[in-house]
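Here, each number is a calculation from the coordinates, and none is a lab measurement. Computed from a predicted model, the values in this text were never measured in an experiment. As a convention, Cβ positions derive from the backbone with ideal geometry for all residues, glycine included, and neighbour counts pool all protein chains shown.
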Amino acid sequence: MDNLQAILPGIEHVVVVMFENRSFDNMLGGLYPDKTQQGTFYGVKPGMNNSDNPYGKDIALVSVWQAPAGTDAMIMPYPDPGELFEDMNQQLFAPNDAPASGAGQPTMGGFVYNYMNQKVPAGGPKPVAGDIMQYYKPGTDGNLPVMTTLAQAYGVSDLYFASGPVQTLVNRIFAHSGQPSTYTLKGQLYNCIDNGTVTDQEWDPVGAVNVRTVFNLLDEKFGANNNNWKVYYNDFPLSALINYVYENWHWLEGGGNVYKYAGNFASDVAKDSLPKYSFIEPRYTNMADDLFCQQSPSYQPTSYHPGGACPGWDPNAPDTPPAVSVCFGEQFLADIYNTLA
């Protein structure tokens, strides 16, 4: 604590980049194999497994494994695992999950079963049991050389968890506010649980969430318009679901606190005008600025999100959305680091 107190006054800028929907085990569980075996690092141990049917007697065990570097591993798993609260409840607690009364004792035993029982759209990719148990090899001969090198060069938390076992939007709101969130529409109070509780209540949910955030606190502490914070985004700033961010997003006339990453982040660094607190959002989809789904290298998601990410895709159509590759997340992370370095 004494060392921390000595370091803090010298920190002038905090830069946060928040990616998408991957577990620590999947991304960094193989970071320190020897320390994992020794029990000094909470990584993935060879031989860990899940049953394909934790609720029955006729079962097969599916063990963790590391795919060789290559394009197949880059898009694994595909399709996307289940993200709803009920999915995560089963993943963490099967066979002790009891949605009606709350979860029982956690077993971490439901990942394979839940993945294999996801609904597959007509013509869509079918889940493969082993894919959900794959975890990445670190280093230059793996698929995450940038992330794993940075993790080994600096610090990494091996007991990192999402704020809640729910979908993207709720966890992003939590990251800004440090609390579960609600919003009120036409006198009705909604709890933000899964994405649908944020997006399904009205046609345009942007600015709908009223919650106290780190952005409010910075402006209250240092005074508004004092270069306290900025959100840098690619295709869309999900932070603008929060009303305080939305009110400071002057996207038509320019200015405010919400900017496109391209052309602004590097410029602010070069001009030594980086704010006290920067929040960077990756590209979530392969949607272009013209609001049409572009399936081209120019519009690749950089979020590390598994599965497909094309908002214009019809799930009932035979064509499936292109799988998201982690290599584009690696490129984005490298660009952020190199810009700052």
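The packing ranking, built from the mean of other Cβ atoms within 10 Å per residue, places the peptides 195-201, 268-274 in the order 195-201, 268-274, highest first.
Measuring nothing but how far apart in sequence close Cα pairs (under 8 Å, 6+ apart) lie, relative to its length, the range 71-134 scores a relative contact order of 34 percent. Among the GluC sites (Glu not before Pro) in the range 191-276, those located in a DSSP loop and surrounded by at most 14 other Cβ atoms within 10 Å of their own Cβ are E202, E253.
The aspartates and glutamates whose alpha-carbon is closer than 12 Å to the alpha-carbon of K230, local same-chain residues fewer than 8 away aside, are D219, D268, E281.
Exactly which chymotrypsin sites (Phe, Trp or Tyr not before Pro) in the range 195-250 are in a DSSP loop and have at most 15 other Cβ atoms within 10 Å? Within the range 195-250, the qualifying chymotrypsin sites (Phe, Trp or Tyr not before Pro) (loop, at most 15 other Cβ atoms within 10 Å) are W203.
Cross-link reach is defined here as a Cα-Cα straight distance under 18 Å, omitting same-chain residues fewer than 8 places apart; for K119 the aspartates and glutamates meeting it are D52, D80, E83, E86, D87, D131, D194, D314, D319.
In the frame of its principal axes, the range 37-89 has Cα extents of 32, 30, 24 Å, reported largest first.
Taking every DSSP helix (H) stretch of at least 4 residues in the chain, weighting each as -39,500 (n - 2.57) and dividing the sum by the residue count yields a mean residue ellipticity at 222 nm of -7000 deg cm²/dmol. The value given for the range 135-270 is a Kirkwood hydrodynamic radius of 17.2 Å, derived from the mean inverse Cα-Cα separation. Quick note on the chain: its Rg to Rh ratio, both from C-alpha atoms and Rh being the Kirkwood radius, is 0.96. In order along the range 111-127, the Karplus-derived 3J(HN,Hα) couplings, from 6.51 cos²θ - 1.76 cosθ + 1.60 at θ = phi - 60°, round to 5, 5, 4, 5, 5, 6, 10, 6, 6, 10, x, 4, x, x, x, 9, x Hz, and Gly and Pro are given as x. Note: relative contact order over the range 1-52, using C-alpha pairs below 8 Å and six or more positions apart, is 22 percent. Charge tally around N264: other residues with Cβ under 12 Å, Lys/Arg +1 each, Asp/Glu -1 each, net +2. In percent, rounded to a whole number, the relative contact order of the chain is 19, using alpha-carbon pairs under 8 Å and six or more apart.
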